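Asks: To start, I am sharing the structure in question, which I have written as structure tokens.
Please treat every number below as a calculation from the coordinates, not as lab data. None of these values were measured; they are calculated from a predicted model. For neighbour counting, all protein chains shown are included, and Cβ atoms are generated from backbone atoms with ideal geometry for every residue, glycine included.
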Amino acid sequence: MMEDAQSSFNCSIKHGNHPPPTFGSSPSLEARALQAIKYGVEDRDSALNATPCFSRPMHEITFATTDKPKLLSQLTSLLADVGLNIQEAHAFSSVDGFSLDVFVIDGWPFEETEELKRALEKEVSNFKEQCWSEKQSSPALGKHDQNRVESFPSCVEIPTDGTDVWEIDARQLKFENKVGSGSYGDLYRGTYCSQEVAIKVLKPERINEEMLKEFSQEVYIMRKVRHKNVVQLIGACTKPPKLCIVTEFMSRGSIYDFLHKQRGAFNLISLLKVAIDISRGMNYLHQNNIIHRDLKTANLLMDENMVVKVADFGVARVQAQSGVMTAETGTYRWMAPEVIEHKPYDQKADVFSFGIALWELLTGEIPYSSMTPLQAAVGVVQKRLRPVIPKNTHPVLAELLERCWRQDPTERPNFTEILEILKQIADQVENNGEHRRKKDKLSGAVFSAFKKGYH
Ligand SMILES: Nc1ncnc2c1ncn2[C@@H]1O[C@H](COP(=O)(O)OP(=O)(O)OP(=O)(O)O)[C@@H](O)[C@H]1O
């Protein structure tokens, strides 16, 4: 953005033909620092100045914001409040209403900038809060204030206190029973502020640089998603050694456990409802450019109302990047051929996995159960092996399954289309059921009338 900005911003304070500064390294910063050395060495009266340049560090600060009247004076007084002296100021505004204000300052006694950044952020957030409360206390706008409304910013700025809203204080977590274990930790049921939650704790002995990358990737992705059919992040403890991810608790566990451990089964109507829930969650993820990469029934969880949600996304993506795929054991059965082969893949890889999961819902069986995961993988890639669709399957559903696991990803439907097809089948099945119920009711009434001799 900064590079683009240099070519498109206009200089609003003119010093002849002043070139735009190189952001992050003002050309005059060095000159001023040299001046400071000179000044420091020459001024022998001051004890502070007895040490050369390091007694007077100079910094360059750039504010990027939407342009508004009095911005420059607000920024200069903000800098003064932090105790900084402005040596130079450059203000630039773009034709589409943005402003860059560059200041060269001294008065900050340290070389390092982290503290300075924090002090400035705090001051900016105080300033925003002040503006916010001023706006709140101003009287409501009447019709005659229309012109004022037009000068409002394009979006309302929400004040922040600078803290990470997703960070959870581990002391507020109460652990109850252990629910299960995954590849990188244990999962507990617990509470956070009286709310039932799932707490995924990373095994401290397994924490290494790679693991930290995966952890941060999962939290990074989970922070972005908010959908009824995606397991909701509540927060994370990001301070080693106690690293954990806290999500909503899914009391009915995974579809995998329901089908294969509890020997549960879905009738067609509930199967379609589950498939629609999954498709809605996946459609949302894909519309937000997130590829799950590890979609399987073990990662599809049910809450107390039997709503199905997609879980555990983000980790598989990191696994793929870090090349851990060969050590993997259980996931091949759901994996698209292009993923098994480490070829480039896109969202359609999730569609393939969805097709396999849908078949599993339909049959209650584990895909290619007579084979090892590796045999299944070789079969899928080399022999185009696919699960056998039962003969009595609804024809539209059978066609959908077959399209989802096509070898060529471009021939697979996307989740918008899948959703439409599933809804159509559900409507049709429900209408047929309704029709049959009415017919049964009618024939039941005729039969009892006949029996009573009213015929
Ligand atoms: N939010 C949740 N609520 C309830 N149970 C959950 C939740 N998330 C996961 N589980 C259950 O906890 C167990 C462990 O899950 P976890 O996600 O840690 O590992 P996994 O998915 O089994 O394996 P991996 O992470 O290696 O893919 C699984 O049985 C899963 O069904």
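Asks: Quick one: if the Förster radius is 30 Å, what FRET efficiency do Gln407 and Lys273 give, using the C-beta to C-beta distance and rounding to 0.05? Display every interim value, and only then the final one.
Replies: Working: r = 30 Å, r/R0 = 0.99.
The formula returns an efficiency of 0.50 here.
Asks: Enumerate the calculated ³J(HN,Hα) couplings along the stretch 216-232 in order (Karplus 6.51 cos²θ - 1.76 cosθ + 1.60, θ = phi - 60°), each rounded to whole Hz, writing x wherever the residue is Gly or Pro.
Replies: 5, 5, 5, 5, 4, 6, 4, 5, 7, 9, 8, 7, 4, 9, 10, 4, 8
Asks: Between Glu365 and Lys174, with labels modelled 7 Å along Cα→Cβ, what's the label distance in nm to one decimal, could you check?
Replies: Simple spin-label model gives 4.7 nm for this pair.
Asks: If you don't mind, there's one more thing I want to ask. Compute the FRET efficiency between Lys117 and Asp427 as 1/(1 + (r/R0)^6), taking r as their Cβ-Cβ distance and R0 = 56 Å, and round to the nearest 0.05.
Replies: The pair Lys117/Asp427 has a calculated efficiency of 0.50.
Asks: Among Cys193, Cys237, rank each residue by its count of other Cβ atoms within 10 Å, from fewest to most, as a rough exposure measure. Please report the intermediate quantities before stating the final value.
Replies: Details: Cys193 10, Cys237 21.
Sorted ascending by nearby Cβ count, the order is Cys193, Cys237.
Asks: Let me ask something additional. Multiply the residue separation of Glu341 and Glu417 by 0.36 nm, subtract the distance between their alpha-carbon atoms, and state the gained length in nm to one decimal.
Replies: Computed gain between Glu341 and Glu417 is 24.7 nm.
Asks: How do Leu422, Leu173 line up, fewest other C-beta atoms within 10 Å first?
Replies: Listed from fewest to most nearby Cβ atoms, that is Leu173, Leu422.
Asks: Something else now. Enumerate the calculated ³J(HN,Hα) couplings along the stretch 268-277 in order (Karplus 6.51 cos²θ - 1.76 cosθ + 1.60, θ = phi - 60°), each rounded to whole Hz, writing x wherever the residue is Gly or Pro.
Replies: Along the stretch 268-277, the couplings run 4, 5, 6, 4, 5, 5, 4, 4, 5, 4 Hz.
Asks: While we're here: Taking neighbour Cβ counts within 10 Å as the exposure measure, how do Ser254, Ser183, Ser370 sort from fewest upward? Walk me through the intermediate numbers first.
Replies: Values: Ser254 21, Ser183 14, Ser370 7.
Exposure proxy ranking, most exposed first: Ser370, Ser183, Ser254.
Asks: Taking 0.36 nm per residue of sequence separation and subtracting the Cα-Cα distance, how much length would be gained by fully extending the chain between Glu196 and Arg226, in nm to one decimal?
Replies: Numbers: separation 30, 0.36 × 30 = 10.80 nm, distance 1.81 nm.
Here the answer is 9.0 nm.
Asks: Let me ask another. Skipping prolines and chain starts, which residues have an amide H placed within reach, meaning under 5 Å, of the one on Val179, given they are 5 or more residues away or on another chain?
Replies: Leu187, Tyr188, Arg189
Asks: Next up: Tell me, what is a quarter of the convex hull surface for the C-alpha atoms of the stretch 56-107, in nm² with one decimal?
Replies: With the hull built on Cα positions only, its mean projection is 3.3 nm².
Asks: Roughly speaking, what is the stretch gain from Met211 to Met306, that is 0.36 nm per residue apart minus the C-alpha to C-alpha distance, in nm to one decimal?
Replies: 30.9 nm
Asks: Counting only other residues whose beta carbon sits under 10 Å from that of Lys200, what net charge do I get with K and R as +1, D and E as -1?
Replies: Neighbourhood net charge equals -3.
Asks: Assigning unit charges at the beta carbon (Lys, Arg +1; Asp, Glu -1) and nothing else, what dipole magnitude in debye, to the nearest 20, does the stretch 160-249 show about its Cα centre?
Replies: Dipole about the Cα centre, nearest 20: 180 debye.
Asks: How much net charge surrounds Cys237 when only the other residues with a Cβ under 11 Å from the Cβ of Cys237 are counted, with Lys and Arg +1 and Asp and Glu -1?
Replies: Residues near Cys237 contribute +2 overall.
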